[in-house]
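**Q** Structure incoming, see below.
The values are calculated or read from the model by the stated rules, or taken from the named source; none is laboratory data. None of these values were measured; they are calculated from a predicted model. Because the Cβ atoms are built from the backbone with ideal geometry, glycine has one as well, and the counts that use them run over all protein chains shown.
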DNA sequence: GCAGTTAATGAATCGCATG
DNA sequence: CCATGCGATTCATTAACTG
């Protein structure tokens with residue numbers, strides 16, 4: 001924590017430091033493995049990962065959004081004889097909380113643990129919605145320091161319209177924090193196409209300022225050299241995963257691969273390690289692995305991890321499995337031996 | 001204040017209630033006047049407005065963004081002989097603050113005063129940037145109650161690129177709160193054009209869901225009737241005021257009329273009263289007046305109010321002027337008689 | 001008159017020079 | 001050494017101008 005701000009969120013019983021879970025990983029994680037899946041409470045796993053020497057360059061956290069609902073997995077199966085598609089519901093994740101206080105306490109513990117795992121060039125990206133983002137941002141300012149705040153990225157999508165007496169919500173928020181604002185950041189500049197109005201006026205060429213004798217800018221001119229486009233901004237228009245898309249897994253709240261591709265491309269180099277403590281259906285894992293970034297995913301839902309493993313297997317990737325065990329359980333329930341899947 | 005949340009922002013010396021300024025308006029404001037300009041501290045003016053019986057249906061607040069800079073007005077004049085254009089700097093507004101605490105304290109007092117002035121169907125819209133929006137949102141949740149939060153509107157614009165090792169910021173945030181979530185809200189549904197992908201698949205016709213015998217949606221069909229577009233979402237792509245646009249006043253941080261038009265159209269009906277405590281160059285006033293909404297603007301900068309008055313005069317509108325005077329000054333400096341401008 | 005071209009400059013951001 | 005200032009960067013937008 002660099003500079004703790006004087007303005008903080010307060011609630012009865014707030015405590016950012018907590019008793020360590022004393023978690024262990026069985027077997028230990030190999031930092032160079034292309035993909036590692038850890039089953040268990042992500043707080044236990046994150047604490048256990050502190051024993052690793054190597055840090056992570058990007059941590060992407062996609063926690064529950066405090067919706068107060070249970071989210072189910074849709075399992076679609078085609079009957080081989082009739083050809084009919086049947087749907088059934090599997091376990092997704094539960095997003096019920098006693099209160100916003102409990103939600104934030106749980107999240108703060110994870111963010112804090114992730115902070116300790118980042119390299120100096122590393123960054124954390126928190127995927128939230130506009131109802132919780134503000135509380136989470138104030139919390140992160142306290143945990144990271146406000147000068148570590150890098151961007152509020154707006155993910156703008158389109159969806160089936162619903163009648164309501166309000167502007168329909170069509171965006172999520174991704175908060176990006178860097179571990180150390182004084183370190184040279186990992187950042188690959190990406191570009192997006194020029195605005196239609198700019199193309200109409202200037203064409204595809206780069207613009208150059210022309211400065212007069214008095215030092216003031218007189219006008220601009222167009223170069224022969226084609227522009228690479230405009231530097232990517234913090235509002236991203238990316239389609240949601242279509243209900244019939246090939247990448248669709250049936251897992252609830254699945255994020256599009258295009259979103260993760262962009263994030264990983266901008267914030268890491270090949271070989272940099274990526275972490276996803278809420279792995280879900282494994283979008284981060286699939287994309288990172290494909291892009292040559294070793295990745296560690298954590299989830300407490302075994303069905304979700306099976307889905308991840310199958311998805312990665314389809315990409316022709318081997319998966320290393322591990323299990324996070326808190327101290328209290330370590331003697332009561334001995335873990336099964338390591339398995340190598342795929 | 002409906003339901004105070006347990007999670008609040010805390011800082012040393014925080015106090016949301018403060019000694020009343022005992023402000024008075026000279027002359028008193030006439031609720032039916034198409035445009036009223038009040039010169040003085042907006043906190044004093046807002047308190048004085050409480051004596052009005054009629055409330056406001058929309059309050060748009062565009063406070064300083066806590067940038068730590070002074071913003072100047074650019075005054076352009078064409079020399080009638082040479083035809084040359086000369087530029088000089090006038091007073092804009094000062095955005096220096098001792099600390100974020102002071103900034104938030106000042107803002108909280110204004111928000112609180114505005115809250116008291118809203119009709120039950122009314123709403124407040126706070127224009128901020130993504131560095132301060134999160135603190136302001138938590139503050140508003142405390143002042144209005146979290147269930148009064150309606151929307152985080154993202155204003156996405158395009159501007160000149162700058163090299164930086166981060167995603168360039170290309171959005172502002174507008175927080176919308178309703179006074180009473182149980183009251184029937186003022187809300188006119190607006191529409192935006194269909195997405196290109198939708199037009200490609202479905203054309204311009206309206207879509208209707210076709211539901212099967214089991215209650216599940218089977219497919220959609222396209223109607224003859226052309227679609228009005230999709231209901232307006234909470235991400236608005238609107239161009240900034242161009243450097244040479246006719247609506248440009250030279251006042252810093254001027255907001256585009258298109259933004260205010262959309263807001264006023266969605267949140268008010270003709271005849272509803274609109275309030276802008278940070279009037280600046282008078283965009284809200286100009287748009288509201290044109291749309292037949294009586295509007296009250298407050299600013300402490302006399303130059304800004306002159307600009308507002310001139311802008312409204314160009315629209316052929318008369319302006320009623322008033323002055324906000326705090327108790328401490330009421331005897332020391334007697335106010336000049338009312339003036340009718342335009 | 002209409003379409004295509006030119007002009008002007010911004011709630012920016014970084015880096016280096018200056019106090 | 002830290003705060004401040006100014007040059008360089010080069011897209012977006014609409015009014016004014018030109019043919």
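**Q** Identify the residue in region B:259-286 that is within 16 Å of DNA strand D (Cβ to nearest atom) and within 14 Å of chain A (Cβ to nearest Cβ) and, among all such residues, is surrounded by the fewest Cβ atoms within 10 Å (Cβ to Cβ).
**A** Of everything passing the filter in region B:259-286, B:262 is surrounded by the fewest Cβ atoms within 10 Å (Cβ to Cβ).
**Q** Let me ask you something else. Within region A:49-71, count every residue that is over 20 Å from the mean Cα position of the chain (by Cα) and not in a loop (DSSP other than H, G, I, E, B).
**A** 1
**Q** For region A:218-237, enumerate the residues that are more than 14 Å from DNA strand C (Cβ to nearest atom) and at the interface with chain B (Cβ under 9 Å from one of its Cβ atoms).
**A** Within region A:218-237, A:236, A:237 qualify.
**Q** Here are some residues: B:33, B:53. Which one is out of contact with any strand residue (DSSP E or B) (no Cβ under 7 Å at 6 or more places or on another chain) and in the same structural domain as residue B:270 (by TED's automatic domain parsing)?
**A** Working: B:33 fails: out of contact with any strand residue (DSSP E or B) (no Cβ under 7 Å at 6 or more places or on another chain).
Exactly one residue qualifies, and that residue is B:53.
**Q** Can I ask one more? Quick check on region A:159-192: of everything there that is touching a residue at least 24 places away in the same chain (Cβ under 8 Å), more than 10 Å from chain B (Cβ to nearest Cβ) and farther than 25 Å from residue B:173 by Cβ, which residue is surrounded by the fewest Cβ atoms within 10 Å (Cβ to Cβ)?
**A** Among those residues, the one meeting the criterion is A:183.
**Q** Which of the residues that make up region B:63-76 are within 7 Å of DNA strand C (Cβ to nearest atom), in contact with a strand residue (DSSP E or B) (Cβ under 9 Å, 6 or more places away or on another chain) and farther than 13 Å from residue B:133 by Cβ?
**A** B:64, B:71, B:74, B:76, listed by residue number.
**Q** Determine whether residue A:100 is within 11 Å of chain B (Cβ to nearest Cβ) and in contact with a strand residue (DSSP E or B) (Cβ under 7 Å, 6 or more places away or on another chain). Lay out the reasoning, then the answer.
**A** On the way: within 11 Å of chain B (Cβ to nearest Cβ): yes; in contact with a strand residue (DSSP E or B) (Cβ under 7 Å, 6 or more places away or on another chain): no.
Here the answer is no, as residue A:100 does not meet what is asked.
**Q** I need the full set of residues from region B:238-249 which are within 12 Å of chain A (Cβ to nearest Cβ) and at pLDDT 90 or above, in order please.
**A** B:239, B:240
**Q** Follow-up. From the set of residues in region B:147-171 that are within 14 Å of DNA strand D (Cβ to nearest atom) and either in a strand (DSSP E or B) or outside the structural domain of residue B:133 (by TED's automatic domain parsing) (or both), which is nearest to residue B:123 (Cα to Cα)?
**A** Here the answer is B:155.
**Q** Residues of region A:211-248 being in a strand (DSSP E or B), closer than 30 Å to residue B:234 by Cα and more than 10 Å from DNA strand D (Cβ to nearest atom), which ones?
**A** Taking region A:211-248 first, the residues in a strand (DSSP E or B) are A:211, A:217-226, A:230-231, A:233, A:235-237.
With the extra rule that they be closer than 30 Å to residue B:234 by Cα, the set shrinks to A:230-231, A:233, A:235-237.
Selection gives A:235, A:236, A:237.
**Q** Step by step: first the residues of region A:318-330, then only those that are surrounded by fewer than 24 Cβ atoms within 10 Å (Cβ to Cβ) and in contact with a strand residue (DSSP E or B) (Cβ under 6 Å, 6 or more places away or on another chain), then the one that is farthest from residue A:248 (Cα to Cα). Which residue is that? Step through it out loud before you land on a result.
**A** Initially, region A:318-330 is screened for residues surrounded by fewer than 24 Cβ atoms within 10 Å (Cβ to Cβ), giving A:318, A:320-321, A:323, A:326-330.
Pick out the ones that are also in contact with a strand residue (DSSP E or B) (Cβ under 6 Å, 6 or more places away or on another chain) and you get A:320-321, A:323.
Values: A:320: 23, A:321: 23, A:323: 26 Å.
Once the filter is applied, the top-ranked residue is A:323.
**Q** Ok, one more. Looking at region A:196-217, can you tell me whether even one residue there is within 11 Å of DNA strand C (Cβ to nearest atom), within 11 Å of another protein chain (Cβ to nearest Cβ) and surrounded by 14 or more Cβ atoms within 10 Å (Cβ to Cβ)?
**A** Yes - at least one qualifying residue is present in region A:196-217.
**Q** Out of curiosity, is residue A:73 at pLDDT below 95 and buried (at least 16 other Cβ atoms within 10 Å of the Cβ)? Walk me through how you get there before you give the answer.
**A** Values: at pLDDT below 95: yes; buried (at least 16 other Cβ atoms within 10 Å of the Cβ): yes.
It is true that residue A:73 is at pLDDT below 95 and buried (at least 16 other Cβ atoms within 10 Å of the Cβ).
**Q** Let me ask something else about it. Exactly one condition in (1) touching a helix residue (DSSP H, G or I) at 6+ places or on another chain (Cβ under 9 Å); (2) free of Cβ contacts under 8 Å to residues at least 40 places away in the same chain is false for residue A:35; which is it?
**A** Residue A:35 satisfies all of (1) touching a helix residue (DSSP H, G or I) at 6+ places or on another chain (Cβ under 9 Å); (2) free of Cβ contacts under 8 Å to residues at least 40 places away in the same chain except (2).
**Q** Right, next: Taking into account only those residues within region B:287-304 that are part of a helix (DSSP H, G or I) and buried (at least 24 other Cβ atoms within 10 Å of the Cβ), which is modelled with the lowest pLDDT? Before the answer, list the steps.
**A** Looking only at region B:287-304, we keep the residues that are part of a helix (DSSP H, G or I), and these are B:287-290, B:302-304.
The next check asks that each one be buried (at least 24 other Cβ atoms within 10 Å of the Cβ); those that pass are B:287-288, B:304.
Numbers: B:287: 96, B:288: 97, B:304: 92.
Of everything passing the filter in region B:287-304, B:304 is modelled with the lowest pLDDT.
Here's the yes/no breakdown for (1) in the same structural domain as residue A:177 (by TED's automatic domain parsing); (2) touching a residue at least 12 places away in the same chain (Cβ under 8 Å):
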| position | (1), (2) |
| --- | --- |
| A:196 | no, no |
| A:204 | no, yes |
| A:207 | no, yes |
| A:211 | no, no |
| A:217 | no, no |
| A:222 | no, yes |
| A:226 | no, yes |
| A:238 | yes, yes |
| A:241 | yes, yes |
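**Q** Give region B:250-286 a look and list any residue that's at positive phi and away from DNA strand C (no atom under 16 Å from the Cβ), or say none. Write out each step before concluding.
**A** Within region B:250-286, the first condition is being at positive phi, and the residues that meet it are B:250, B:253, B:271, B:280, B:282.
Within region B:250-286, B:271 is the sole residue that qualifies.
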